[in-house]
Every structure is written in structure tokens, then in C-alpha cells.
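The next block holds one structure in the form of C-alpha cells; read it before the comments.
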Amino acid sequence: MELVSSSRSVLPFRGGRAAAPSCRTASASSRRKGKSVFVCVLGCGGGEGKNMAERTVRRRAALALLLASPAMSVAFSAHGKTKSRNPYDERRLLEQNKKIQEANRAPDDFPNFIREGFEVKVVTSDNYITRESGLMYEDVKVGTGNSPKDGQQVIFHYVGYNESGRRIDSTYIQGSPAKIRLGNKTLVPGFEEGIRDMKPGGKRRIIIPPELGPPVGPSTFFSAKQFEVFDIELLAVQDCQRRTIAFYSDVVCS
């Protein structure tokens, strides 16, 4: 398990970063048909006296061995399960998360994010709803009226947080709400999905998984792709129409 603390920007508009790749070395051994087999997987560094062809053959042999050996697969699987089932580790990480969130002045009932290998466990209250897309949300206040549609303009306030509860951006601090027309791919997918079925006057907290967040490049580091949390207040929904005067054309929303 790994505690997450990051300062990556979580703005709801499209944008992202790529993380640098990493390399590792590993080793594996197994017995098949009474014969002892030992293969060393060479990573980034080359061994003295070994040429590139030998290293390539050994890497391929090691990969085939790992895929073909049930005993080793079970061993790796059991190791992962043992770590994730340790209640003491999880409680310890939750306590550490809480301390970090308090230091960052995170809002009450802020979700916790615990990383277990390549998986992330999101700890929330029972009030959250999880959609098939992976988006999670909790309605703090349900508004009235009609939900926005493509082509309409939404006027809203938002506060964005990273996984450690640190506030990254806020339209309240900026002093004016955001205005965006839906359907033109201006917002990140998770944010647009989260605001689509809100109604004017409503308040909602959404948790956006990495796959619905800003686009990023290939990554080998856990912290490169993170969950994002937004508190949204939908103020109004406006109809928009195109206006043309002589050679000038624009879109007016009201």
C-alpha cells in the first residue's frame, strides 16, 4: 500500500502531462519436468560479458516462464492479496490520510484514496453513487428545473481538489462563475458527465477516475494518473442561438 500526496493540477478543462518511464530488474525460478530452471531478467543495465542477443533471449525466456508457471502466478497473486487484506495497514494509511487532509484544510467527509499495487481503493460514505463509467458522486442539494443539454450554456461554481484534499482551483476565489457550452468537448469527460444531469440550484461532489480525467501520456508511476474531486454548484442553464449581423456572427446565450 502507498499513501498518496500530490499537487497535480485538477482543473476541469482539458489538459494533462506525461510521466517518464521507469525500468526494473527481476528474477524468476521454477522446476518443470524434474529439471531446475533459473532465468535472470536483465533490465536497463547490461551485464559484463553478455551481449544484447543473450539478454533478449533471457528476457523472452523469463516472460514465457512467468506466464506458463501456475505456481509462480499463485505466489504473486497471494502476495498481493495478503497486502490488501491487512487491516492494520489500511487503518494506518487512513489515519495518515486524515492528517494530510487536515493540514490541507480539506472539506468535511472528503474521500480517502488508498493505493494497493496498481489499484486504488476509494473510501467514501454510503451516500455516494457509482456509475458504470466509474464516476462517483453525492448530491448535497438537488436543484429544480431541467437538466442541461448539448448546445446549452451552463453557469456554475466549482472547487477542485487533488487526492490529498488540497484545493487547486476555485471560481469562488476568482470571484465569478464559469460559463461553458455543453457538447463542444471543452470540459474533461468526467466533469461534463457529472454536471449533465444536475438541475439549477443543485450542489454535487463528484469523484473523477483517471480514465475520465484530463488526457495524459503513457505512465509507469502510480501518481501520474490520479482521481480528481470537484464540488459543483449549478447556477443556471441558458439557451444559445447564433446571431448574424452583416459579416459578423456569434453565439448568444440567455
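Worth a mention:
- Counting only strands (runs of 3 or more DSSP E) that fall entirely inside segment 112-171 and contain at least 2 residues that are surrounded by fewer than 16 Cβ atoms within 10 Å (Cβ to Cβ), the qualifying elements are 119-123, 136-141.
- Residue match in segment 86-99 (condition: at pLDDT 95 or above, farther than 21 Å from PRO215 by Cβ and either in contact with a strand residue (DSSP E or B) (Cβ under 6 Å, 6 or more places away or on another chain) or among the acidic types (Asp, Glu) (or both)): no
- Hits in segment 110-156 - residues which are among the basic types (Lys, Arg) and within 18 Å of SER254 (Cα to Cα): LYS149
The values are calculated or read from the model by the stated rules, or taken from the named source; none is laboratory data. A quick note: this is a predicted structure, and the numbers were derived from the prediction, not measured. Methodologically, a virtual Cβ is constructed for each residue, glycine included, from the backbone with ideal geometry; neighbour enumeration extends over all protein chains shown.
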